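Structure, as structure tokens:
Just so you know, all these numbers are worked out from the coordinates, no wet-lab data involved. Remember, predicted model here, so these are calculated numbers, not experimental data. Reconstructed Cβ throughout: ideal geometry from the backbone, glycine too, with neighbour counts over all protein chains shown.
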Amino acid sequence: MAKKLFIETLGCAMNVRDSEHMIAELNRVERYDLTKNYSEADLIIINTCSVREKPVNKLFSEIGHFLKHKKPDAKIGVCGCTASHLGDEIFKRAPNVNFVLGARNVSKIIKAVNTEKFLDTNINYDESAYAFGDFRQNPYKAYINISIGCDKKCAFCIVPHTRGEEISIPHELILSEAQRAVRAGAKELFLLGQNVNNYGKRLGSGKKGGLNFTALLNELAKIDELKRIRFTSPHPLHMDDEFLEVFASNPKICKSMHMPLQSGSTDILRKMKRGYTKEWFLQRARKLREIAPDTAISTDIIVAFPGESERDFEDTMDVIEQVRFEQIFSFKYSARPLTPAAQMSDTVESEIASARLARLQERHTQILDEITPAYLDKVVEVYFEELRAGGVCAGRTSQNFTVCVKGGEEFLGQIKNVKITQPQRSILYGEVL
Ligand code: SAH
Ligand code: F3S
């Protein structure tokens with residue numbers, strides 16, 4: 001009988017892709033099938049995130065829960081960013097864990113499950129040439145890693161300490177993986193990296209890559225059956241004119257741009273080591289709105305970074321007014337080990353941080369309530385990718401808005417025109433034409 005694998009994936013799209021890689025390997029070599037029920041699993045994997053403190057705190061209570069409910073001989077492994085930065089400490093605090101595999105080492109999953117107390121957290125391991133099997137949680141949308149790690153060292157961010165130095169994956173590997181995914185039915189590619197628009201600066205071999213990010217986008221767009229390309233995350237610092245122009249002019253590139261602002265205050269941006277100013281960010285956003293007016297812009301914002309004054313926060317609110325982001329992911333600053341910001345003493349009180357976050361989120365909700373009603377009676381192109389409860393099929397517009405219609409499998413994997421009949425804040429409801 002096939003063995004069963006339960007995997008819990010926390011955090012970002014890169015973790016989703018790492019989980020897909022492990023699922024594929026475990027299936028190909030060890031014949032594991034996925035289960036949604038951890039009490040029947042022979043192997044339980046938690047693929048962790050450590051960007052903020054909360055999920056890290058949850059890890060040990062979660063391990064305890066799995067230990068209590070698992071089959072007696074089932075193994076438990078901890079993978080991902082928290083595995084990278086806690087390493088051996090995980091065994092110390094949870095001696096029944098069988099293996100700890102860092103974020104950049106998922107290609108070693110077979111060795112990990114077959115070795116007693118396997119630990120590997122080498123954050124500079126180069127697994128870019130590793131040939132993984134094909135497994136995609138969603139066959140219509142193919143996540144593809146184009147780079148690993150990050151060289152930026154933003155003062156608040158633990159990622160460079162968990163995913164190591166930035167290396168780009170050779171474009172030949174990306175193009176062939178893209179072709180395979182498209183042949184298997186994906187009409188959309190989702191390119192992943194911490195700094196995608198810095199692509200090609202350095203390969204794992206130390207050499208410069210053959211293509212930069214815009215050239216890679218143009219090459220991928222030549223794949224006939226491929227209809228849509230998305231990517232995350234680009235860095236505002238590298239949003240030069242060439243990048244914005246290729247984004248605007250290539251019809252296969254979805255008109256959804258993530259511009260992680262973090263703060264609107266130039267002083268705070270400098271303390272964060274983001275490498276750009278408020279003015280640069282605003283000018284890039286203005287240029288984008290000008291040359292690609294149908295683009296939806298999303299962003300990440302951290303409130304209450306150490307030293308953030310009322311005036312600094314007003315600068316962030318000002319950028320929100322000026323750019324009118326279609327989507328904002330906002331977080332209270334969370335001090336992370338190994339980061340320079342964790343040593344800063346001018347921390348902002350928790351109540352002030354909460355009040356700022358609430359104010360920002362409230363204002364953004366109002367902005368969305370101004371934006372979404374304009375979709376009423378509009379016809380949008382939707383790529384359907386998921387069935388939902390109650391006979392609903394869901395997909396996305398090029399701008400990354402979720403659209404739901406009455407319908408089922410007949411729409412999956414199809415691009416259809418949809419007339420919006422009921423635009424709501426986070427979902428547009430409509431009818432297929
Ligand atoms: N490379 C990605 C960032 C990955 S982390 C990018 O530039 O978009 C994802 C988001 O988590 C960041 O953009 C940031 O807004 C948030 N984040 C990272 N570290 C954080 C911290 N210490 N506290 C609060 N939010 C943080
Ligand atoms: Fe983190 Fe900044 Fe890199 S947010 S992932 S160090 S670009």
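Things to note:
- If you wrap the Cα atoms of the stretch 120-202 in a convex hull and average its projected area over all directions, you get 6.1 nm².
- Candidates 255, 406, 92: whichever shows maximal mean-square fluctuation once the chain is modelled as a Gaussian network with Cα springs under 10 Å: 92
- For the listed residue pairs 36/111; 252/278; 36/75, the alpha carbons are over 21 angstrom apart in 36/111; 252/278.
- The stretch 22-28 - phi-based ³J(HN,Hα) in whole Hz, Karplus 6.51/-1.76/1.60, Gly and Pro as x: 5, 4, 5, 5, 5, 6, 5
- Rounded if a/c under 1.5, otherwise prolate or oblate - the stretch 3-120, Cα gyration tensor axes: rounded
- Computed about the Cα centre, the dipole magnitude for the chain is approximately 660 debye when only Lys and Arg (+1) and Asp and Glu (-1) carry charge, each at its Cβ.
- Semi-axes of the equivalent ellipsoid for the stretch 141-373, Cα gyration tensor, largest first, Å: 32, 22, 15
- Neighbour-count ranking [beta-carbon atoms within 10 angstrom, fewest first] of 317, 257: 317, 257
- Anisotropy class of the chain from Cα gyration tensor, a/c 1.5 cut: rounded
- Sorted fewest first by neighbouring Cβ atoms within 10 angstrom, 65, 238 come out as 65, 238.
- Where GluC sites (Glu not before Pro) in DSSP loops with at most 14 other Cβ within 10 Å are excluded, longest remaining stretch of the chain: 226-348
- Per-residue Cβ neighbour counts within 10 Å put 110, 46 in the sequence 110, 46, beginning with the fewest.
- For the residues 295, 421, 214, a GNM of the chain with alpha-carbon springs under 10 Å puts the largest fluctuation on 421.
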